[in-house]
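First comes the structure, then the notes that go with it.
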Amino acid sequence: VKKRYAGIPQQAVIIFINMCDVCQVRRSFHKQPAGKPIVSLGFLTRLQVDLMDMRSTVYDGFCFIMHCKDHFTKFSWLFPLKSKEASGVAFHLKNIFYTFGPPRILQSDNGKEFVANVILNLKNDWPELLIINGRARHPQSQGLVERANAVVQQMLGKWLDVNKTSDWPSGLGPVMLSINNCTSQSTKKTPYEMVFGQPCRIDHEFWLELHKESSTNDSIVNEEDLPGSFLQKLNTVTTSVSTNINDQSQISDETSTCISSIDSHMILPVKELTETSHKRIRDEAEKNYIHTVERQLKIYERALKKQKSFEINDIIGLKIADVDRSNTAPSILPCKIIEIIKKDDPFNVFYKLATQDGIISELFSSSEFMDLTQTVSSDLRKTDITQLANITFIQACQIFTKFKTNRPCKCIGSCESNRCPCKKRLIKCCTKCHRGKAISCKNNI
C-alpha cells in the first residue's frame, strides 16, 4: 500500500478493513470471558457425563472411556466402552444410580449416545431426574468434566508408561482412585473424603509391617492367626472432631447470601444431621465451594459489564468450529439479531439469530459474539426472516462454509479397489479411516 499510495491515514485503512465482509469473516476470534459458574450444593445434585475417544489406541475392543463426575464433590467414575451405543452408557449410569442413588440433574452434551430413548427412559425409573443436554459445539456448558478429561488422559498415559503396557482399560481403576484422592482447589477436600466421610484407607506402613510378620510366620493365613496388636490396630476407629458452633453459623450465613444467585431447582433440601465427622467435612467443603463460586461470579459480572449491548438488526459473528470448516474457509459466521430475550437477571440476556440460510434454533449470549456492526453485509441486512426456515447452528456453519464431511472408510485392507468408499469417490484416505488398524493402506499417498 505504501508503494502505490500516499497520504492515506491508518484510520482510513482500519475503516476499510472493518467494512470488508471477506476480511471480517476471517478474523481471529477473541478469547471468551469466563462463563457463569454452575452452582450445585450437595452430593449428586448435578452429575456430568462425557465420552473420551480412544479409537487411536484400541485395546481388546474397547474404544471409548465414559467419564462421570459429580459437580460438588468432584468424585469421578471411569468405565471402558466398546462403542458409543446408548445401551452401554445407560448400563453404567444405572450402575451408579443403584449404588449411590440417582442425581437431581444429569448433564451431558447432545451426542447421539446421550439423547437416545434408552437414556430418556431413565426417567421411567426415576421420574424426578432432570436430563440436560448442552448446546452443540459448546463444551463450555459442562466445562468441569471437559477439563477433567484432559487430566484423565494425562494420568492414564503416565500409568501406561510406568507399567510398560498398552492395557489402558486396566489402568482406569488406579487413575480413578488417584483422581478421587486428590485435593480439589474449590473445596480444599478430596472427593473421597466428601463422599465417604473419611480418607481412603491406604495404610502402607501397617500392611508393610503385617507383610514382614507374615513372611516370618507362615501360619498367618486366616484372621484368627493375626497377632492381637494387629487386630487392635485394624479395629481402631478414628474419632470425629467436633466443630465450633460459630463456624457452623458462619457457613449458614454465607450459604444464604449465595442462595439468591442460585436457581431453586439446583439445590436439594438439606435435612438436619447430627454432628459427625462426615458432616464437618462437607460443611467445610461447602464453605470453600461457596467462596470459589462467589469469586467466579464477580469475575463473570465484571466481564459482562465490559460487554457491548446489541440491538435488533445488529450484525454479529459467531465462531465456526474447526470440524465444520476447511482450512481456507471463513472462521466467523455472520448473523443478524432478530430477537432479544431478557430474563429476571439483568445480566442474563440471550439473543435469537438468523443467517441468510435460516433462523438458528439455539440461543446465544453476547459473550460469544464478535462485533460486526461496521461491516456492510448488505445481503444479510436485506434478508426477509419470515421466509427462512429453522436450522441448527451446525447446519448454518456448514452451509456458510460449503463444508461437506467425508465419512471414513474404515477399511482393513489396502484400499486399492473401488470396494473402498474413499477410493470410489476419488479421494484420499485420512487418519480417521483406519486409526492404526490398516498400515498397508495404498490410498493415502
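The values are calculated or read from the model by the stated rules, or taken from the named source; none is laboratory data. Note that the structure is a prediction, hence the values are computed from the model and not measured. Note: ideal-geometry Cβ built from the backbone for every residue, glycine included; neighbour counts use all protein chains shown.
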Please enumerate the residues belonging to the range 352-387 that are touching a strand residue (DSSP E or B) at 6+ places or on another chain (Cβ under 8 Å) and within 14 Å of M19 (Cβ to Cβ).
D371, L372, T373, T375, S377, L380, R381
Can you find, within the range 427-445, the residue that is modelled with the highest pLDDT among those that are small (G, A, S) and within 21 Å of M54 (Cα to Cα)?
G436
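How many residues does the range 91-113 contain that are closer than 25 Å to T57 by Cβ and surrounded by 18 or more Cβ atoms within 10 Å (Cβ to Cβ)? Before the answer, list the steps.
Keep residues of the range 91-113 that are closer than 25 Å to T57 by Cβ, which gives 91-93, 95, 108-109, 111-113.
Now drop any that are not surrounded by 18 or more Cβ atoms within 10 Å (Cβ to Cβ), which leaves 93, 108-109, 113.
Qualifying residue count for the region: 4.
Would it be correct to say that I332 is hydrophobic (A, V, I, L, M, F, W, C), buried (at least 16 other Cβ atoms within 10 Å of the Cβ) and over 27 Å from the mean Cα position of the chain (by Cα)? Write out each step before concluding.
Details: hydrophobic (A, V, I, L, M, F, W, C): yes; buried (at least 16 other Cβ atoms within 10 Å of the Cβ): yes; over 27 Å from the mean Cα position of the chain (by Cα): no.
Considered against the rule, which asks whether it is hydrophobic (A, V, I, L, M, F, W, C), buried (at least 16 other Cβ atoms within 10 Å of the Cβ) and over 27 Å from the mean Cα position of the chain (by Cα), I332 comes out as no.
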